[in-house]
Each structure stands twice: as structure tokens, then as C-alpha cells.
2 protein chains.
Amino acid sequence: MTFKKEQKSSKKTAQPRTQLYEEGAQRLKVQMAKIRHKIAVISGKGGVGKSTVTVNLAMAFATHGHVNSVGILDADITGPCIPKILGVKGQKLQGGPPGIFPATGPLGIRVVSMDFLLPSDESPVIWRGPLKMRAIQQFLSDIVWGELDFLFIDLPPGTGDEPLSVMQLLPEMDGVVIVTIPSEVSQIVVKKAVTFSRQLNIPVIGIIENMSGFVCPKCGERVDIFKAGGGEKISEDLAVPYLGKIPIDPEICRDSDKGLPFIIEHPNSAASEAFMHIVTQVEEFLKKKAKLEKMLQSGKGGGKK
Amino acid sequence: MTFKKEQKSSKKTAQPRTQLYEEGAQRLKVQMAKIRHKIAVISGKGGVGKSTVTVNLAMAFATHGHVNSVGILDADITGPCIPKILGVKGQKLQGGPPGIFPATGPLGIRVVSMDFLLPSDESPVIWRGPLKMRAIQQFLSDIVWGELDFLFIDLPPGTGDEPLSVMQLLPEMDGVVIVTIPSEVSQIVVKKAVTFSRQLNIPVIGIIENMSGFVCPKCGERVDIFKAGGGEKISEDLAVPYLGKIPIDPEICRDSDKGLPFIIEHPNSAASEAFMHIVTQVEEFLKKKAKLEKMLQSGKGGGKK
């Protein structure tokens, strides 16, 4: 995996490491300043549908007036899934004069994922933490993301290297959306994710309870396969907003495998309706935040006059 | 988190780091030599039921003539779930004259997990790779596991620090059991886990397809929520044994939340029957391996005479 080096740095051969580091940090700042909102999607436990939520969040915002202005960073270095779910698998990152460009998905969504850099599906990325950190930093600093309204970042489960790196590299992040399934086992791990975000001073936008109940398509019987109500319980216990629940729908898995976001493929399903309700709340959060920032700024401005 | 230091090393204050390292490696060798079989349970993607499989594998072997002779190492440092699923949550690791002892679960199963060392469920472990590696090494070398027939190691998803550390620390491992759900998204990531094990020369015992189909408890309709057949497909594609599939059963989630392994709680369910079939195959694998090793050893012995 190689990224374009800046002209300036390629001239000097024995450049001190700290200078290279500072240049990287500077590039990251310049690139990220062009992106208005950054939201990370995290979970404690894996397999709760985090990548599906990320892709559908991105699609929802793109359809709500942000075509060609949404990006997704797949920060799961060892298990990247976004390209498959968004239907852009097989694309490659293209290099041009200003640097490396993201792949482009439906509605002009720009995507960067380790998956684009691997020779085959079988290729594992057997990397320890420091290398993963470096890759994420390069994804943020050396990719020509361009001007975007939103960047959604899909983080691998846990509170290890990747989430920590992203939080530290993007302290200006708007907040995190936390995804869980209703089970108690998942709740325990999700609580850690909430504390993790708080300790790193990143606002928690709210919790989504995914895979919440299943309705038999034949007889209409509702079965709580992974129990129900866990997301709401955590939000109460830890005083974080509850964004809503998404029921289990076999179409979601089928759509993800086909690379078709389910809110576009099955807009009238109960799952899509639940999802769009969640999107509205994320939009509300951002509006409130913007209002607050404006007030603070005008307050500051007023003080200077 | 502190572990008992050896008497010898505590006397010297300025001991060189390499010597400490070698002592650790030596302790690990001594401890692990007392455990006959080591099997890791891995997956590419999270949330596929890896921890549930680990706990039930351990219980199955304990009931098959190995009471008080089975151990579980929960190597998921940032999202430990084993204590909850095995019903030993709230226990603490106890220290005694020879060192730190594992917690004890049903049928005398010995358990070590980061969960026992955390002050509360909300406490996240915000550690980068090197610290996680060190913790796993200490779990293997500084815990008094004692004589065991089996040690099952539950690894977090992916091919990063924890799986890599365990594979490198235990090259004598019997093999890995790989868990997947049927979806294509999961298949892609599981393929990486197979290649990962092969590159590290750890035998793949086989693949389990978990959450394979759901039967409505009211009308009997079968719904493939996460599709079906994915595990079998990977095993064919990559020429690794297929151990079988476990259907979705809401009781599994309920039992896990209650800390009751489902093969003990619901031994006559379709899921338990499917699981016991998988256990038989793991036992077969170990028998064949032992036979082969015996043949090789007697061959060697004969050559020396």
C-alpha cells in the first residue's frame, strides 16, 4: 500500500521523522477542514449491523439534499465490509495529480476502504495497532476527499486502536452514533463504548437498537430473537439519547449482500420507516448543535466589539 | 492490573528487559505444557456467536468426560463476554502463593477474562495493540491454569493484535474453529480468517455456520434471516472442513443473557443437537491428530534405534 508523497518531501532523503509527522498532521487538517460534519458509527460488540447503519445513514443524508456531498470512511482495517454493502466492491482507488481519489458509490457517495487495496477477498490484513493507526491517518490526510457536507466513519467494534485513532485524529467530530442489539451481552459491551466516547470528549448523538424483534412473514407472530428493549435501557441507565429501534428484516441481509442499501430498495418496509425516524433525529441533533455554535460565536463576536 | 512477579525477579531491581521477556516466555512454556489441547475460536466478522460457541464447546467437552479439566481464555480484551455467557460474572481472580488463579464456572471450567479485572461494566479498556499483547501473554504465563485437558481461546473478530498474539504465543495449538453467519458480507471476512490461520501455520479444524435459518415457533415457517449455506460454500471454496450449521433459536440469546449454556439448558433443541454433532467432529479431528502424531513419534523412535 503506497500513497503519493508530497513533492516537497520526496526531494529530501534524510528528512527527520517528526517533520514528516507534522506534515501529515497539517495535510489532515487541510483535508478535514473541507468536510462540514463528521459522524462516527461505533458499537461495543461486533455484528450488530454497524456497517449497514453507516451505509444507510449516508444514503439517507445524500437523498436529503446532499447528493455528491457525502463520504464514508471504512475504518475497519481487518474486516472491511462497506464496499460490499454499498455495491462498490471491485472498484479501485484512482490516483491523479492532486493525490488519491475515493471510489464513488450511488448518489455520488465517496468511499475509502482497505478493501480497495487488497488483491483478493481471501487476503487478510495481519497488522498490529501502530500500522492500522498509520493507515487510518493516511486515509484521512492523503485521500482527496474534497468538499463534503458529511463524512460517516464506520469503526470496528471495541475500544482499541482504530476507534482510538479516529477519535484522536478528529477531535472536532460532531459525535458518535452507537449501535447495539437488544441482548444483555451486547449491552455490557456498549456501555463501555459510551464511556469511551465520554472519556475522549466526543458527544454521543444517541443509541440505535438494531435487530429488535422479528415478525414472521407468514403468520405475523412477533419473536424477539435477540430480546428487546436493551437499547432503551442503556440510554436510560447512562443518560444518552435513544434514537430508536430497527426490526429484523431478512431483506436487510439480502440487500446488503446485493450491495443495495435497504432504505432505497425497500423504502416502505417497517425497518426503513424506523430508520428514517432515526435519521430525522440525527438531523435534529446537528441543527441544535449548529444553533448552539452560532450563539456561542455571536456571543464571542459581541464580546470583541 | 498487576500480576505476581517471580521471587527471583523481584530481588533484582535493575533487571534488563530481555531477561524479563525470556523469563515470561519460559513461564508461558511451563504453564502451557500442562494443557493437552488448545483450540482457538475465531471469526472474521463480529457478532456471529463466537463466544456462545466457545462456551458451549467448553461445556460439551466438560460433560464428555473432562469435568474440572477444561479452561476458557477470553482473549477479547476490549469486549469480554465469556463471564456473562458462562454465568460467572462478578467473580474475581484470586491470588494465592503460587500465583493468580482462574475463576471457576460450571463443571469446574476455569475462566480468565479481562472482565474480572474491570471495576464496572461501563469501564472501557482503551488500550492500543502492544498493551493488549502484553495482557494476553500474562494471561497465558502468569495465571495458574494447572493441568487441563482443554483450553478454548475466544478471540475477538479480525486479524489484528489479539489473534496474532495468541497464534504466535501458542504455535503448538491444535487448531482453530471458525464461526460465520451465512451472509455473503460475513463470508468475505471469514475467508480472510482462513488465510490468516494458514499463513500462521495453524490447522483449521473447520467452519461452523451459525444463525442459519429461523423456524417460527408459532407456524413452523422457516425464514433464512441471514440467508443460508454460506459456511458450506466457504468450506468448499477454500477446501476446509465444514463442521455444520446451528439454527437461530431465541433461547440461545436468552440462555446467554442468563449465563446458562444452551446445550445444558435446552439439550433437546434443534440447535443443541446440531451443536453436539459439531462437537463430535472436533473430537474426531483431535483423535485423528493424536493418531498421526503417535505414528510419527513411533516412526522417529524406530529410526533412532
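Annotations
- Counted over the protein assembly as shown, the DSSP beta bridges are approximately 20% antiparallel.
- Taking only the Cα atoms of the range A:69-145, the radius of gyration and Dmax are 12.0, 35 Å.
- A versus B: buried accessible surface, summed, Å² (probe 1.4 Å, to nearest 100): 5100 Å²
- Once the Cα gyration tensor of chain B is diagonalised, semi-axes √(5λ) in Å: 32, 24, 19
- Net +/- balance of residues flanking B:Ser123 in space, Cβ distance below 11 Å, scoring K and R +1, D and E -1: -1
- Surface accessible to a 1.4 Å probe, per residue, for the residues of the range B:169-265, Å²: 34 Å²
- Inter-centroid distance (Cα atoms) of the range B:57-73 relative to the range B:150-220, Å: 20 Å
- On Cα atoms only, tilt of B:129-141 relative to the major axis of chain B in degrees: 80 degrees
- Viscosity 1.567 mPa s, 4 °C: Kirkwood-radius Stokes-Einstein D of the range A:114-261 over Cα pairs, µm²/s: 73 µm²/s
- Among the listed pairs B:Lys192/B:Lys233; A:Lys45/B:Lys233; A:Lys84/A:Lys191; B:Lys34/B:Lys289; A:Lys38/A:Lys291, those beyond 20 Å (Cα-Cα): A:Lys45/B:Lys233; A:Lys84/A:Lys191
- Pseudo-label separations to other copies for B:Asp237 - Cα-to-Cβ vector, 7 Å, nm: 3.7
- FRET E, pair A:Gln94, A:Ala25, Förster distance 25 Å, beta-carbon r, rounded to 0.05: 0.50
- Two-site FRET efficiency, A:Glu284 against B:Gln168, from Cβ-Cβ distance with R₀ of 56 Å, rounded to 0.05: 0.70
- Cys residues of the protein assembly as shown that find no other Cys beta carbon under 4.7 Å: A:Cys81, A:Cys253, B:Cys81, B:Cys253.
- Inter-copy label distances at A:Lys258, using a point 7 Å along Cα-to-Cβ, come to 4.0 nm with the shortest given first.
- Paired Rg and Dmax values of the protein assembly as shown, which use every Cα atom, in angstrom: 24.8, 98
- Per residue of peptide A:218-228, the mean number of Cβ atoms on other chains within 10 Å of the residue Cβ is 5.
- Averaged over the residues of A:192-200, the number of partner chain Cβ atoms lying within 10 Å of the residue Cβ comes to 4.
- With at most 12 other Cβ atoms within 10 Å, longest stretch of chain B clear of loop GluC sites (Glu not before Pro) (DSSP): B:1-146
- Degrees separating the helix A:184-199 axis from the principal Cα axis of chain A, which is the longest one: 40 degrees
- Each pair of Cα atoms in the range A:173-260 enters the Kirkwood radius, and Stokes-Einstein at 10 °C and 1.306 mPa s then converts it into a translational diffusion coefficient of 114 µm²/s.
- Using a 7 Å Cα-to-Cβ projection, A:Lys34 label spacings across copies, nm, ascending: 6.0
- Value of relative contact order over chain B, rounded to a whole percent, pairs C-alpha under 8 Å and six or more apart: 21 percent
- Using Cβ point charges alone (K and R +1, D and E -1), the dipole size of the protein assembly as shown about the Cα centre works out to roughly 2420 debye.
- Ranking B:Cys216, B:Leu286, B:Gly229 by Cα position along the charge dipole of the range B:208-295, where only Lys, Arg, Asp and Glu carry charges on their C-beta atoms, puts B:Leu286 farthest toward the positive end.
- Centroid-to-centroid separation of the range B:253-279 and the range A:229-289 [C-alpha atoms, Å]: 31 Å
- Using the alpha carbons alone, the radius of gyration of the range A:209-281 stands to its Kirkwood radius in an Rg to Rh ratio of 1.00.
- Reduction of at least 30 Å² in accessible surface, 1.4 Å probe, comparing all protein chains with the chain by itself, residues of the range B:125-154: B:Ile126, B:Arg128
- Helix B:50-63 axis versus longest C-alpha principal axis of chain B: approximately 80°, rounded to the nearest ten.
- Value at 222 nm in deg cm²/dmol, rounded to 500, when DSSP H runs of n ≥ 4 in chain B each add -39,500 (n - 2.57): -14000 deg cm²/dmol
- Number of partner chain Cβ atoms within 10 Å, mean per residue of B:256-262: 3
- Counting protein heavy atoms only, the protein assembly as shown has 54 percent of its accessible area on carbon and sulfur, 1.4 angstrom probe.
The values are calculated or read from the model by the stated rules, or taken from the named source; none is laboratory data. Keep in mind that what you see is a predicted model, and the values were worked out from it rather than measured. Ideal geometry is used to build each Cβ from the backbone, glycine not excepted, and the neighbour counts take in all protein chains shown. Accessible surface is based on the protein model in full, side chains and every heavy atom, while ligands, DNA and RNA are left aside. Shrake-Rupley method; radii C 1.70, N 1.55, O 1.52, S 1.80 Å.
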